[in-house]
Each structure stands twice: as C-alpha cells, then as structure tokens.
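In what follows, a single structure is set out as structure tokens and then discussed.
Here, each number is a calculation from the coordinates, and none is a lab measurement. Remember, it's a predicted structure, so these values are computed and weren't measured experimentally. Glycine also receives a Cβ, built like all others from the backbone with ideal geometry; neighbour counts cover every protein chain displayed.
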Amino acid sequence: MADGSDTTLTTDQTASGQTPNGLVAGIKSFAAEHGGAKAVIEYVGKRGARIVLVGADGAWGDQFAEDTVTAREACAQAGVAVENAWERELMDQMRPSNDLWRSMARRTMAR
C-alpha cells in the first residue's frame, strides 16, 4: 500500500532476500577499527545504495548495497546507527586523508 501526497510517494518496502554477510562484516569491521561508526545511506540509481560510514575517529569509507532497504538492514545487523541526512556535526567529524586532498586537487587542476 502506498501513502503519499501530491508531490511525494512513499511505499512500504520489504527486502527481497537476505542481507549479504560480506556487507554486514565490512560494516562491522570498519566500526571496530574506528571506535564505532555512523552511516548515511545514499540512493545511487540503478547501482543501488551507497553506505557512507563515518568512524568516531573521523575516518570514513563506503560500502555498496543493492538497494536502500538492504543497506538499512545491513547497518542494523552491524549495530551502526543510520543518520537521515548529512548533518553538520557528522560532516565536521570527517577527516579526509592527505591522499584524498591530493587526488581532489589533481582533478580540479586537470579541468
């Protein structure tokens, strides 16, 4: 059954299968290595969903799931809280590595 307004449509989604063990293990491993973690799930079209993990120490990484439902289930099974959006506090916590800054600079200068 779908609920919604004239501008948005929300449907009840159920997972089609089990959450991949490798995805849950990857999320658990990241959280263990970085003193805990929070996640933001981003829908990326046909590719599925990107789970951006931000560790308590500021490190960040990502994982991919086949859809947002699977991504949320994987985070729940791994014991990682999912944020609804990119809040300022979460973004301030992120600490990009020097390698990432260098790679971004190369891309900007190449344009």
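I want the local charge near Glu66. Using Cβ-Cβ distances under 15 Å, sum +1 for each Lys or Arg and -1 for each Asp or Glu among the other residues.
Working: positive: Lys46, Arg47, Arg50, Arg72; negative: Glu42, Asp62, Asp67, Glu73.
Net local charge, Glu66 excluded: 0.
HN-Hα J couplings of segment 55-71 from phi, Karplus 6.51/-1.76/1.60, θ = phi - 60°, integer Hz, Gly and Pro as x?
With the stated coefficients, segment 55-71 comes to x, 4, 8, x, 5, 9, x, 8, 9, 10, 10, 6, 7, 5, 5, 4, 4 Hz.
Could you give me the ³J(HN,Hα) list for segment 40-54, computed from phi with Karplus coefficients 6.51, -1.76, 1.60 and θ = phi - 60°, whole Hz, x at Gly and Pro?
Result, rounded to whole Hz: 10, 9, 10, 6, 10, x, 5, 5, x, 9, 9, 9, 8, 9, 10.
Under the definition of Cα pairs under 8 Å and six or more residues apart, what whole-number percent is the relative contact order of segment 16-65? Mind showing how you got there, number by number?
Working: 70 pairs, mean separation 15.8, N = 50.
RCO, segment 16-65: 32 percent.
Given H placed 1.01 Å from N in the peptide plane, which residues other than close sequence neighbours of Phe64 have an amide H under 5 Å from its amide H?
Under 5 Å from the amide H of Phe64: Ile51.
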